[in-house]
Amino acid sequence: MKLKKGVQALSLLLIMALMTAMFVPAVSAYQADAYGFSTNNPSTIDTTQTAYYVDNKLAAMGYNPSDHHYNNRALDGYSELEDTDIFFFSGHSSPGRLQFGTNSGGSLTFIFADGVVLPRISEMPSNQLYNLKLAVFLGCNSGEDDANLGNLVEEARGKNAKCVIGFMESVSSGQADYWAKKFYDRLDNRETIRNAFDGAWRDVVGYYGIFNDGGIGDKTIDGDENQIIDLY
């Protein structure tokens with residue numbers, strides 16, 4: 001009789017353990033990183049809420065976002081870029097470089113495309129970004145060449161990123177924030193990267209006016225723009 005009760009108790013424990021396991025959320029193997037910044041240098045912007053929105057959208061698409069990245073140093077962003085599946089940057093940029101937060105000495109830090117200063121994408125192994133499905137460098141002139149610093153979009157593609165988006169002129173922060181949210185909404189609806197970009201641009205001009213797209217329309221999309229990145 002005691003043995004029978006022991007078997008029953010063990011069976012009950014096993015059933016409870018199995019039921020608990022069924023309700024443990026699975027952690028996606030696919031990583032995502034969204035970077036936003038609140039800074040007054042060289043001009044005032046705050047893209048942290050946009051990065052937060054994108055982070056949540058990527059989680060809804062089945063990715064495993066890292067902790068929220070606000071005002072991080074370039075070395076942190078560079079390390080994530082090397083290993084992530086989706087990379088979103090919204091902040092100040094210029095040809096050949098993305099501006100990140102300050103170091104311990106209070107100096108701004110950057111990810112460079114090329115040049116002589118680290119960290120730079122050109123130093124990565126040739127196949128380092130193989131897992132990177134989509135990188136969006138949402139900032140001023142992020143798709144342009146610099147004679148010394150190179151081109152962010154081209155360098156990332158050269159390291160085998162699947163698709164990289166950059167912008168060819170100054171980008172207005174209001175339109176950039178609006179576009180980013182609409183773009184990731186559309187990606188979450190299983191639109192291709194190209195269709196999501198174009199649809200989000202139409203959303204911008206519908207809201208701000210055809211002659212006031214904030215530089216969003218002057219972009220470069222390099223790579224497989226027909227990807228659907230929603231995992232569900």
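Listed by chain and number, the aspartates and glutamates whose C-alpha is less than 13 Å from the C-alpha of residue 133, apart from same-chain residues fewer than 8 away, are 33, 82, 83, 85, 222, 224, 225, 230.
In debye, nearest 20: dipole of the chain around its Cα centre with unit charges on the Cβ of K, R (+) and D, E (-)?
1300 debye
Relative contact order, whole percent, for region 112-232 stands at 26, derived from Cα pairs under 8 Å and 6 or more residues apart.
Can you give the calculated 222 nm mean residue ellipticity of the chain, where each DSSP H run of n ≥ 4 adds -39,500 (n - 2.57) and the sum is split over every residue, rounded to the nearest 500 deg cm²/dmol? Spell out each step's value before the answer.
On the way: 6 runs with 83 residues, N = 232.
Helices in the chain give a 222 nm mean residue ellipticity of -11500 deg cm²/dmol.
Rounded if a/c is under 1.5, else prolate if a/b is larger than b/c, else oblate: which is region 27-223, with a ≥ b ≥ c the root eigenvalues of its Cα gyration tensor? Rounded, since a/c falls under 1.5. The mean sequence distance of close C-alpha pairs (under 8 Å, at least 6 residues apart), as a share of the length of the chain, puts its relative contact order at 17 percent. A 1.4 Å probe run over the chain, with the rest of the protein chains in place, finds 50 Å² accessible per residue.
If you take the square roots of the eigenvalues of the alpha-carbon gyration tensor of region 69-118 and sort them as a ≥ b ≥ c, do you get rounded (a/c under 1.5), prolate (a/b over b/c) or oblate?
Rounded, since a/c falls under 1.5.
Spin-label model, residue 118/residue 130: points 7 Å from Cα along the beta carbon direction are separated by 2.4 nm. When a 1.4 Å probe is rolled over the protein heavy atoms, the share of accessible surface on region 27-223 that falls to carbon and sulfur comes to 43 percent.
Once you have a ≥ b ≥ c as the square roots of the Cα gyration tensor eigenvalues for region 140-216, tell me rounded if a/c is under 1.5, and otherwise prolate or oblate according to whether a/b is larger than b/c. Oblate, since a/c reaches 1.5 and b/c is not below a/b.
The values are calculated or read from the model by the stated rules, or taken from the named source; none is laboratory data. As the structure is a prediction and not an experimental result, all values here were calculated from the model. We place every Cβ from the backbone using ideal geometry, glycine too, and count neighbours over all the protein chains shown. Heavy atoms of the whole protein, side chains included, go into the accessibility calculation; ligands, DNA and RNA do not. Shrake-Rupley method; radii C 1.70, N 1.55, O 1.52, S 1.80 Å.
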